[in-house]
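The values are calculated or read from the model by the stated rules, or taken from the named source; none is laboratory data. Owing to the predicted nature of the structure, the values given are computational and were not obtained by experimental measurement. Please note: Cβ atoms are built from the backbone with ideal geometry, for glycine as well, and neighbour counts cover all protein chains shown.
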Amino acid sequence: MKSHPTQDSDTSIAIIPHKLFQADSGCSKTNLIDENWRAIMWRMKNILGLCILSLFLAGCQGTPHLVKRSQLLMGTVVFVTAVGADERVANRAAQAGLDEIRRLEELLSTWIPTSELSRVNAAAGREAVPVSQETFDVVERSLEMAQLTNGGFNIAVGPAVKAWNASGEGYVPTQEDLDALRPQMDLAYMQLDEKTRSVWLRRPGMSIDVGGIGKGYAADLASKVMQAAGATAGVVALSGDIKTFGRMPDDQRFVFGIQHPRKEQGEVLGRIELENEAVSTAGDYQRFFMKDGIRYHHILDPRTLQPAPSCQSVTVIATEGVMADG
């Protein structure tokens with residue numbers, strides 16, 4: 001049975017309160033990083049270039065000091081910009097942000113066998129697994145997002161994502177194959193216990209992956225620790241998930257460019273200005289394959305288990321990164 005195609009029709013960009021689909025399903029795999037490294041770097045330069053340039057020019061005027069750092073975390077290049085009263089404060093804040101993201105990666109990444117989520121998945125059908133407050137919170141927020149979107153967001157959709165293999169060579173599964181995976185994606189079989197702070201996947205073979213919400217969550221927490229470390233303003237960017245706080249040294253809001261989904265990397269579709277806000281962009285141009293002239297991408301609608309149709313690129317602005325990302 002053929003899948004619903006994503007047509008190369010008129011480009012659209014939407015600013016909406018909630019993003020109604022599951023984003024990536026975790027991408028910390030080394031070969032995927034190597035494969036997409038150049039694309040990631042081009043994309044982040046495009047997104048961050050405008051605000052970083054403005055920050056640099058303002059910093060050269062003798063006002064608050066700024067520090068820019070980058071590191072490979074959560075399967076992508078993380079960019080952190082911190083503005084502080086002096087170089088020491090800015091450096092401390094930037095490092096604190098990166099350290100926080102690394103800490104969360106060790107809890108949430110399903111590519112790390114010892115992570116809490118990996119242990120939850122390994123215990124599926126057998127027992128509940130006690131987890132940290134952070135892991136419990138992000139799983140709980142994922143369930144809230146599933147309710148808000150009437151099932152349009154689902155952290156258990158991983159088996160279908162793997163079936164399509166859009167990040168690799170690509171494969172078009174039959175609808176029968178996809179339907180056979182549905183029992184493993186039923187969130188009714190995921191049990192959270194607040195008293196014991198545990199997560200239990202009650203169905204054997206079930207697994208969860210917070211790749212569609214985890215980067216926004218990490219950006220939120222990183223921005224908080226940066227402020228606690230003394231930063232007066234800053235940006236935390238994990239691929240297309242960005243959180244800002246404060247204003248630039250020249251009192252201007254942060255400016256970002258949105259990648260055009262059908263043009264060369266670096267071509268900007270539009271620009272947005274943010275202050276104490278988050279933005280998340282995802283599209284069918286990031287990880288996809290073509291077959292018989294049809295584009296099949298990695299963003300699946302959990303209700304159909306097919307690549308989500310209609311939009312080539314969606315940008316969401318919210319006060320929280322976790323809300324924009326989800």
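All of VAL138, VAL78 fail the test of being touching a strand residue (DSSP E or B) at 6+ places or on another chain (Cβ under 7 Å), in contact (Cβ under 8 Å) with a residue 40 or more places away in the chain and of a type in the set (Val, Ile, Thr), apart from VAL78.
Check whether at least one residue in the range 115-126 is part of a helix (DSSP H, G or I), without any contact (Cβ under 8 Å) to a residue 60 or more places away in the chain and more than 17 Å from TRP200 (Cβ to Cβ), and report yes or no. No - not one qualifying residue is present in the range 115-126.
With the requirement that a residue be part of a loop (DSSP other than H, G, I, E, B) and over 16 Å from the mean Cα position of the chain (by Cα), what does the range 153-176 give you?
Residues of the range 153-176 that are part of a loop (DSSP other than H, G, I, E, B), as a first pass: 153-157, 165-174.
Listed by number, the residues that qualify are ASN165, ALA166, GLY168, GLU169, GLY170, TYR171, VAL172, PRO173, THR174.
Among the residues of the range 215-248, which ones are touching a Leu at 6+ places or on another chain (Cβ under 7 Å) and not in a strand (DSSP E or B)? Hits for the range 215-248 are LYS215, ALA218, ALA219, LEU221, MET248. For the range 156-169, the criterion of being of a type in the set (Lys, Arg) and either under 24 Å from GLY283 (Cβ atoms) or crowded, with 23+ Cβ neighbours inside 10 Å (or both) is met by at least one residue.
Scan LEU269, LEU300, LEU305 and give me the residue that is surrounded by 21 or more Cβ atoms within 10 Å (Cβ to Cβ) and either without any contact (Cβ under 8 Å) to a residue 24 or more places away in the chain or more than 19 Å from the chain's Cα centre (by Cα) (or both). Walk me through it before giving the result.
On the way: LEU269 fails: surrounded by 21 or more Cβ atoms within 10 Å (Cβ to Cβ); LEU300 fails: either without any contact (Cβ under 8 Å) to a residue 24 or more places away in the chain or more than 19 Å from the chain's Cα centre (by Cα) (or both).
Of LEU269, LEU300, LEU305, the one residue that is surrounded by 21 or more Cβ atoms within 10 Å (Cβ to Cβ) and either without any contact (Cβ under 8 Å) to a residue 24 or more places away in the chain or more than 19 Å from the chain's Cα centre (by Cα) (or both) is LEU305.
In the range 189-212, the residues that are loosely packed, with under 13 Cβ neighbours inside 10 Å form Cβ pairs under 6 Å with partners that are hydrophobic (A, V, I, L, M, F, W, C), at six or more places apart or across chains, as follows: GLN191/TRP200; PRO204/ALA124. Taking the conditions exactly as written (in contact with a strand residue (DSSP E or B) (Cβ under 6 Å, 6 or more places away or on another chain), part of a helix (DSSP H, G or I) and surrounded by fewer than 20 Cβ atoms within 10 Å (Cβ to Cβ)), does ARG102 satisfy them or not? Yes.
Among what's in the range 127-144 and is part of a loop (DSSP other than H, G, I, E, B) and of a type outside the set (A, V, I, L, M, F, W, C), pick the residue that is surrounded by the fewest Cβ atoms within 10 Å (Cβ to Cβ). Can you show your working first?
Filtering the range 127-144 for residues part of a loop (DSSP other than H, G, I, E, B) gives 127-128, 131-132.
Now drop any that are not of a type outside the set (A, V, I, L, M, F, W, C), which leaves 127, 132.
Details: GLU127: 11, SER132: 14.
Across the range 127-144, the extreme among qualifying residues is GLU127.
Taking the criterion of being hydroxyl-bearing (Ser, Thr, Tyr) and under 30 Å from ARG88 (Cβ atoms), would at least one residue in the range 287-302 satisfy it? No; the residues of the range 287-302 include none that is hydroxyl-bearing (Ser, Thr, Tyr) and under 30 Å from ARG88 (Cβ atoms). Among the residues making up the range 76-98, those that are surrounded by fewer than 24 Cβ atoms within 10 Å (Cβ to Cβ), small (Gly, Ala, Ser) and not in a strand (DSSP E or B) are ALA85, ALA96.
Out of ALA188, ALA222, which single residue is of a type in the set (A, V, I, L, M, F, W, C) and touching a helix residue (DSSP H, G or I) at 6+ places or on another chain (Cβ under 9 Å)?
ALA222
Residues in the range 234-251 that are at negative phi and surrounded by fewer than 24 Cβ atoms within 10 Å (Cβ to Cβ): PHE245, ARG247, PRO249, ASP250.
When the range 177-212 is limited to residues that are modelled with pLDDT of 95 or more, not in a loop (DSSP other than H, G, I, E, B) and not aliphatic (A, V, I, L, M), the one that is farthest from GLY125 (Cα to Cα) turns out to be ASP193.
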